[in-house]
1. Looking only at residues that are crowded, with 17+ Cβ neighbours inside 10 Å and β-branched (Val, Ile, Thr) in region 162-180, which one is nearest to the chain's Cα centre (by Cα)?
2. Might you check whether a residue that is among the polar types (S, T, N, Q), out of contact with any Asp or Glu (no Cβ under 8 Å at 6 or more places or on another chain) and at pLDDT 85 or above occurs anywhere in region 151-162?
3. What strands (runs of 3 or more DSSP E) completely inside region 192-238 contain at least 2 residues that are at pLDDT 80 or above?
4. Tell me which residues, restricted to region 153-191, are closer than 18 Å to Ser220 by Cβ, part of a loop (DSSP other than H, G, I, E, B) and out of contact with any Lys or Arg (no Cβ under 8 Å at 6 or more places or on another chain).
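The values are calculated or read from the model by the stated rules, or taken from the named source; none is laboratory data. These numbers come from a predicted model, not from an experiment. Cβ sites come from the backbone with ideal geometry, for glycine too, and all protein chains shown count toward neighbours.
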Amino acid sequence: MSVQSSNSVDDLKKFIEEKILNSTMELRQEISDLKLKVDNLAATNKMLLDILKCNNSTVVEESVRVISDSNGTISQSLDSSSSDEIIISRIPTESSIQQKRLRGNNNTQTSADSDQKSNLIPTKRDKKTSEFTGHIMGTRSVDVTTEFSASPRKIWIYVGRCKSSTTEDDIRRYLNSKISNSVEEFEVEKLNSKGRNCSFKVDADMAVKELLYDPDFWPSGILVKRYFFLRNNHGREL
């Protein structure tokens, strides 16, 4: 009775550890997604600020011109006592009114011409090119015997709930017998496990990933998951 209770406690501990690790990985992924969104927003804001800076000078000049026209005619005194003084007449004269009417007609005609041209000829704004900050993956085929090449892609899996008498050679022989024409040497390492079951870390080629994740490939009751390496160099199954 005490043995069964001890096994139940060990299984419960393993279950809790698996849940905690799964939650940790999901939280890390969410944090990574949020950082990516923040970076994208920062890049968008910078681009908008650059566009506003380019258009600020034109907006200020137009504002000054409109204010000057609404206040009346501007004349500069040439007297020696006040040579730098600018006098603004706020009471428009008849000639200034006529000038405003002529100017308004010209502006209306110019605006109509501009609208007509803009409808006929589409405007194209300059696109801001961003600096390359990503990475590339080589695709050139080379002779691995004469030139340097990338190392083969690997996959690490966790194989658990094996009976306590299972050895590394047992796992290795099983893999070689199930994968026909296999030239890959599987690396199998027994892990420190608590309880009556034992578990293993298996290093295999990426080409057999789908086969290793097929439930029909493994004996009934065997648990297979992806194996992760943590920062402290002690791997855990997740």
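1. Ile179
2. No, that holds for no residue.
3. 197-205, 223-229
4. Passing the criteria: Ser165, Thr166.
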